[in-house]
Amino acid sequence: MARSASLSGYLELLPDERLVEIHMLDTLRRVFESHGFANIESRAVETVDTLLNKGEVDKEVYTVSRIHDDGSEKSRLALHFDLTVPFARYVVENAGHLAFPFRRYQIQKVWRGERPQAGRFREFTQADVDIVGEGALPFRADVELAMVMARALQALEVGEFTLQLNNRKLSTGFYTAIGLGDAAAVLRIVDKLDKIGADRVQAELSEAVGAAPEQAQKALALAQIRTRDAGFAEQVRQLVSDAEDTELLEEGLAELSEVMTALNQQVPGVAVADLSIARGLDYYTGTVYETVLTGYEQLGSICSGGRYESLASKGRRAYPGVGLSIGVTRLLSALLDSGALRASRSVPTAVYVTLRSDEDWSAATAIAEQLRTRGISAEVAYSAEKFGKQIKYADRRGIPFVWFTDEEGRHEVKDIRSGEQSPADPQTWSPSPEDLAPRIIRG
């Protein structure tokens, strides 16, 4: 898939690559809808104030204006950098028309002004699922959403993956218990552990939040805990055995234990409690999720999200929720580049109807229509070139079958891959199921 592009960071797919993307999107839609999620689409633009109110993303936001802008716009507009913030606005504005808990999935383009590199694009597709309540949302939504995403990734058949989980209450409660008051700042620093390493994290904790060496060591010890069951809880308690205020910590431990237990029962072998996971955006308040695809660890998380309590609110009314997002374009580009997924052909056409003479075009079109009414994709030649040229064109397009009609109206179809040619009737002939439409090949 590596090709030169006139604009870096903007991916344009060839037809066969686009077929793989469509397959992925259709698979995600099928899984999400099987769990009762309704589809929505929000506008591409939001006000700058709305976007910048939800985290440190100002350097990545693309603003929108007219070429001849006279400055009369009351609010500056910007392209959305994710689908969660627009969804929060959507919920508030349409709350009177929604039934809560509201379950939505959304698959759209988003835009971020970051430096293009492998797996990083300025325009890309995300697939989000969220469950939002009115006033309150049962914690079981956190559990269910993790299972839904695990099922979606399994259905994509992209290979082995690990769903990494943590809980903001656990992390915040732990930092409070060891005497680090600015938990949000600590979370942001610890979230950089994989990028800058333990020594630099410890130094930043000392410089930015005034952590003593023992406090920094305990924060790092917490981040290094990883288990495939609920065994993390006892390890955490041992680190704060002499602390007094552990109420929030215990709440986080209980929630994370519940998610891990449920995942191990329903989709065993995919979940890891990873207490280094923090998620950089400020609106997460409880469960947080990241997903790493085995063999593609350099991509980082291909699916992430978490619980939020106050992302969406209006007056005294709050709409807590939990959501997950798959970076479809990031995942797609990696799978195409590695050859892990490819289409069996580049076009939907199964049959190319040839012309014996230019006067036969109407009759050939009628044949193609007979095939189409039975679900067989067909196209007709525009001119009666030599049959060799017509066959060569079909082969270049990746069309597996060529249709011939002789002077007496007898029909034959040729499999141009094998060279086999046999009589056929447009009212009854069908290709094999595997040739009816392009297939996605894994390997």
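The values are calculated or read from the model by the stated rules, or taken from the named source; none is laboratory data. Values in this document were obtained by computation on a predicted structure and should not be read as measured data. So basically every Cβ, Gly included, is an ideal-geometry build from the backbone, and we count neighbours across all protein chains shown. Heavy atoms of the whole protein, side chains included, go into the accessibility calculation; ligands, DNA and RNA do not. Shrake-Rupley method; radii C 1.70, N 1.55, O 1.52, S 1.80 Å.
Rg and Dmax over the alpha-carbon atoms of the stretch 54-208 stand at 19.5, 56 Å.
Within the full protein context, the accessible area of Met147 is estimated at about 50 Å² for a probe radius of 1.4 Å.
What the Cβ-Cβ distance of Lys392 and Thr365 gives, at R0 = 25 Å and to the nearest 0.05, is a FRET efficiency of 0.70. With the biggest extent put first, the Cα atoms of the stretch 260-305 measure 31, 27, 15 Å across the principal axes. Counting heavy atoms of the protein chains alone, Trp111 has an accessible area of about 40 Å² for a 1.4 Å probe. Across all directions, the average projected area of the convex hull around the alpha carbons of the stretch 292-443 is 14.8 nm². Distance from the Cα centroid of the stretch 389-443 to that of the stretch 149-180 is 50 Å (rounded to whole angstrom).
Computed over the stretch 140-217, the convex hull of the alpha-carbon atoms projects to a mean area of 6.6 nm². Sites counted here are GluC sites (Glu not before Pro) in a DSSP loop (not H, G, I, E or B) having no more than 16 other Cβ atoms within 10 Å; the longest part of the chain that contains none of them is 245-384. What a 1.4 Å probe finds exposed on the stretch 294-443 is 48% carbon and sulfur by accessible area, rounded to a whole percent.
Accessible surface calculations at 1.4 Å, restricted to protein heavy atoms, place the stretch 72-151 at 42 Å² per residue.
Residue-normalised convex hull volume from the C-alpha trace of the chain: 199 Å³ per residue. Here each label is just a point 7 Å from Cα along the line to Cβ, and for Tyr382 and Leu7 those points are 2.9 nm apart. Taking all protein chains together and a 1.4 Å probe, the residues Ser276, Ser430, Ser241 rank Ser241, Ser430, Ser276 from largest to smallest accessible area. Here the translational diffusion coefficient of the stretch 169-323 follows from Stokes-Einstein with Rh set to the Kirkwood radius across Cα pairs; for 20 °C and 1.002 mPa s it amounts to 131 µm²/s. Couplings for the stretch 24-36, taken from phi via the Karplus curve 6.51 cos²θ - 1.76 cosθ + 1.60 with θ = phi - 60°, read 4, 5, 5, 5, 4, 4, 4, 5, 4, 5, 5, 9, x Hz in order; Gly and Pro are left as x.
Using the rule -39500 (n - 2.57) for each DSSP H run of four or more residues, divided by the residues of the chain, the 222 nm mean residue ellipticity is -11500 deg cm²/dmol.
Just checking the listed ones, Gln106, Gln265, Gln215: in the Gaussian network model of the chain with Cα springs under 10 Å, the one fluctuating most is Gln265.
The 1.4 Å probe gives accessible areas that order Ser313, Ser362, largest first, as Ser362, Ser313. Given R0 = 45 Å, the distance between the Cβ atoms of Ile22 and Glu412 translates into a calculated FRET efficiency of 0.90.
Sorted largest first by accessible area at a 1.4 angstrom probe radius, with every protein chain in place, the residues His23, His68 fall in the order His68, His23. For the chain, a Gaussian network of Cα nodes joined below 10 Å ranks Gln238, Gln202, Gln164 by mean-square fluctuation, and the top entry is Gln238. Size estimate for the stretch 392-432 follows the Kirkwood approach: the inverse of mean 1/r over distinct Cα pairs works out to 10.8 Å. Its Cα gyration tensor gives the stretch 286-331 an equivalent ellipsoid, and the semi-axes of that ellipsoid, as √(5λ) in whole Å with the largest first, are 30, 10, 6.
Taking the DSSP beta bridges with both ends in the stretch 291-390, the antiparallel portion is around 75 percent. With the convex hull constructed from alpha-carbon coordinates only, the stretch 270-370 shows a mean projected area of 13.4 nm² over all directions.
Taking only the Cα atoms of the stretch 128-180, the radius of gyration and Dmax are 15.2, 45 Å. Of all beta bridges that DSSP places with both ends in the chain, some 80 percent have antiparallel geometry.
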